[in-house]
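See structure below.
The values are calculated or read from the model by the stated rules, or taken from the named source; none is laboratory data. Source: prediction; values computed, not measured. Every residue, glycine among them, receives a Cβ derived from its backbone with ideal geometry; neighbour counts consider all protein chains shown.
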């Protein structure tokens, strides 16, 4: 059991790097190239603590033990009972913070004190409910077990017991207060209620005989709001004078328990948002039948990577929302293989496959479940992308020169522990020049022993040695104009594709000869 004075160690298990410590990059845009910016925006949308969610999802860590600890927290939260009780707790803490944030705008001292009491009441109920709920499930993660033990010790502290008892006592005292308001023109009188007739009850009883059934309720329901006009404030001030003992105790409660919100509980509420937000983002895709897994993590000289049934997360979120089919793909690299060269027809899923590879490795390094039924990912020190850019007319360099400068920066910054993903570069030059430049880039990639995905129309790059693997997007055999969006491990076969298209359009030599003879 954690002692009451022991600090809660948190749920992220590794310090998120500061912005100035982020990886050097060609343009800092790998999140955009991989569509991970879309994922991060969707996960953080409408969430509190967006800064922490975005920061944690944007930055990779290489501490394998810390990442596995994050996996364990995710696994615990995949139990609906744990997820629901933690979500309910966070909702209550959000109400507490909202109450406390509104205190500064209240001009009535009694209103501030009453609103503060409500905040304390919500807080005590939330803490007690979560402590009771977490005592039941079998938690496996170090983070949630640590917080469960901290919480059990916290609710047993004399300070919390007194806070809960004082809160209940003050609410009970205030609930007993009754008073009478008489309004005579502009004059308002407030006095203690001494058993005078309740005319509202008499009126309701008089008109009840005309009732013919339950009427539809047309009242608009508003959230509770602490606003109070000057008349209400004056009435409350008069009531406080009539019940000076009760309101004096209320003021003393506010002074004694001014800092009741525990810092460790604040930290838990902030850090758990990362996990809740990500799991909520995955939920619709899981309902659509897509699988997510906890990847095996590798590092150092072990660069064997693989995935089964994986997919582009950003694309899947859109397709699943529209009840559309998501195509999954597999890949594997076994030593000495390091580079996947992807070729095939346009609009066949090549770029999506490259993004999937990058997303998989980035998300694995944040400790999140990744798309697929199984995955083995390398913990890279840096992740670089080089995707085709629209030509910038304000840029004095041409597109080819810009491509060369960008890839030069990438290869200079990369280390043997880096991952590089290149998509359709050197498209602005001739085939022979693209082949020459592509070979030079590939030689550097191979020399650095980088893990790499290279999407290209230059199929010859797929046969540069034993470290290079060829994968190709495929077509429907009977309809070569239709893509399967499957990317398979196979030799590049652009000629076969071109011949299939020619047959489809009846423009092969034999077909043209036959047509002309007719």
**OP:** For segment 380-395, state whether one or more residues are at positive phi, in contact with a helix residue (DSSP H, G or I) (Cβ under 6 Å, 6 or more places away or on another chain) and buried (at least 19 other Cβ atoms within 10 Å of the Cβ).
**Re:** no
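For residue 410, are the conditions met, namely being out of contact with any helix residue (DSSP H, G or I) (no Cβ under 8 Å at 6 or more places or on another chain), assigned to a helix (DSSP H, G or I), on the phi < 0 side of the Ramachandran plot and touching a residue at least 40 places away in the same chain (Cβ under 8 Å)?
In short, yes.
Kindly indicate whether any position in segment 164-185 is farther than 28 Å from residue 248 by Cα and either surrounded by 10 or more Cβ atoms within 10 Å (Cβ to Cβ) or modelled with pLDDT under 95 (or both). Lay out the reasoning, then the answer.
Here is the first cut: in segment 164-185, the residues farther than 28 Å from residue 248 by Cα are 184-185.
Restricting the remaining residues to those that are either surrounded by 10 or more Cβ atoms within 10 Å (Cβ to Cβ) or modelled with pLDDT under 95 (or both) gives 184-185.
Looking through segment 164-185, at least one residue is farther than 28 Å from residue 248 by Cα and either surrounded by 10 or more Cβ atoms within 10 Å (Cβ to Cβ) or modelled with pLDDT under 95 (or both).
Residue 310: in contact (Cβ under 8 Å) with a residue 24 or more places away in the chain, surrounded by 21 or more Cβ atoms within 10 Å (Cβ to Cβ) and either over 21 Å from residue 275 (Cα atoms) or touching a helix residue (DSSP H, G or I) at 6+ places or on another chain (Cβ under 6 Å) (or both), yes or no?
Yes.
Could we say that residue 466 is within 35 Å of the chain's Cα centre (by Cα), in a loop (DSSP other than H, G, I, E, B) and closer than 25 Å to residue 383 by Cβ here? Let's see the steps before the verdict.
Details: within 35 Å of the chain's Cα centre (by Cα): no; in a loop (DSSP other than H, G, I, E, B): yes; closer than 25 Å to residue 383 by Cβ: yes.
No: the conditions fail for residue 466.
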Original post:
Of (1) surrounded by fewer than 22 Cβ atoms within 10 Å (Cβ to Cβ); (2) at pLDDT 95 or above, residue 399 satisfies all except one. Which?
Top reply: (2)
**OP:** Being outside any helix (DSSP H, G or I) and in contact with a helix residue (DSSP H, G or I) (Cβ under 8 Å, 6 or more places away or on another chain) is the filter here, so list the residues in segment 423-450 that pass it.
**Re:** 423, 424, 425, 426, 427, 428, 429
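Kindly indicate which of 242, 236 is modelled with pLDDT under 95, more than 30 Å from residue 415 (Cβ to Cβ) and touching a strand residue (DSSP E or B) at 6+ places or on another chain (Cβ under 7 Å). Quick ask: steps written out before the conclusion?
Values: 236 fails: touching a strand residue (DSSP E or B) at 6+ places or on another chain (Cβ under 7 Å).
That would be 242, the only listed residue that is modelled with pLDDT under 95, more than 30 Å from residue 415 (Cβ to Cβ) and touching a strand residue (DSSP E or B) at 6+ places or on another chain (Cβ under 7 Å).
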**OP:** Scan segment 315-344 residue by residue and report those that are more than 20 Å from residue 450 (Cα to Cα), buried (at least 19 other Cβ atoms within 10 Å of the Cβ) and touching a strand residue (DSSP E or B) at 6+ places or on another chain (Cβ under 6 Å).
**Re:** 328, 329, 344
**OP:** Could you tell me whether any residue of segment 70-89 is touching a strand residue (DSSP E or B) at 6+ places or on another chain (Cβ under 9 Å), in a helix (DSSP H, G or I) and in the same structural domain as residue 162 (by TED's automatic domain parsing)?
**Re:** no
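Considering only segment 104-118, I want to know if a residue exists there that is more than 30 Å from residue 382 (Cβ to Cβ) and within 26 Å of the chain's Cα centre (by Cα). Before you say what the answer is, go through the steps one by one.
Here is the first cut: in segment 104-118, the residues more than 30 Å from residue 382 (Cβ to Cβ) are 104-118.
Remaining after also requiring within 26 Å of the chain's Cα centre (by Cα): none.
No, segment 104-118 contains no residue that is more than 30 Å from residue 382 (Cβ to Cβ) and within 26 Å of the chain's Cα centre (by Cα).
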**OP:** Please enumerate the residues belonging to segment 43-67 that are surrounded by fewer than 16 Cβ atoms within 10 Å (Cβ to Cβ) and part of a helix (DSSP H, G or I).
**Re:** 51, 64, 65, 66
Original post:
Would you say residue 252 is in a helix (DSSP H, G or I), within 29 Å of residue 164 (Cβ to Cβ), out of contact with any strand residue (DSSP E or B) (no Cβ under 8 Å at 6 or more places or on another chain) and free of Cβ contacts under 8 Å to residues at least 24 places away in the same chain?
Top reply: yes
**OP:** Working carefully through the options 114, 104, find the one that is free of Cβ contacts under 8 Å to residues at least 40 places away in the same chain and over 16 Å from residue 269 (Cα atoms).
**Re:** 104
Original post:
Hey, among 193, 160, which residue is under 30 Å from residue 254 (Cα atoms) and surrounded by 15 or more Cβ atoms within 10 Å (Cβ to Cβ)?
Top reply: 160
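Quick check on my filter: what residues within segment 255-272 are in a helix (DSSP H, G or I) and surrounded by fewer than 20 Cβ atoms within 10 Å (Cβ to Cβ)?
Step one: filter segment 255-272 for residues in a helix (DSSP H, G or I), giving 255-256, 263-272.
Across segment 255-272, the qualifying residues are 255, 256, 263, 264, 266, 267, 270.
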Original post:
Would it be correct to say that residue 232 is out of contact with any helix residue (DSSP H, G or I) (no Cβ under 8 Å at 6 or more places or on another chain), in a helix (DSSP H, G or I) and farther than 22 Å from residue 67 by Cα?
Top reply: yes
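So, residue 499, is that one modelled with pLDDT under 80 and farther than 24 Å from residue 30 by Cβ or not? Outline the logic, then answer.
Details: modelled with pLDDT under 80: yes; farther than 24 Å from residue 30 by Cβ: yes.
Against the criterion (modelled with pLDDT under 80 and farther than 24 Å from residue 30 by Cβ), residue 499 qualifies.
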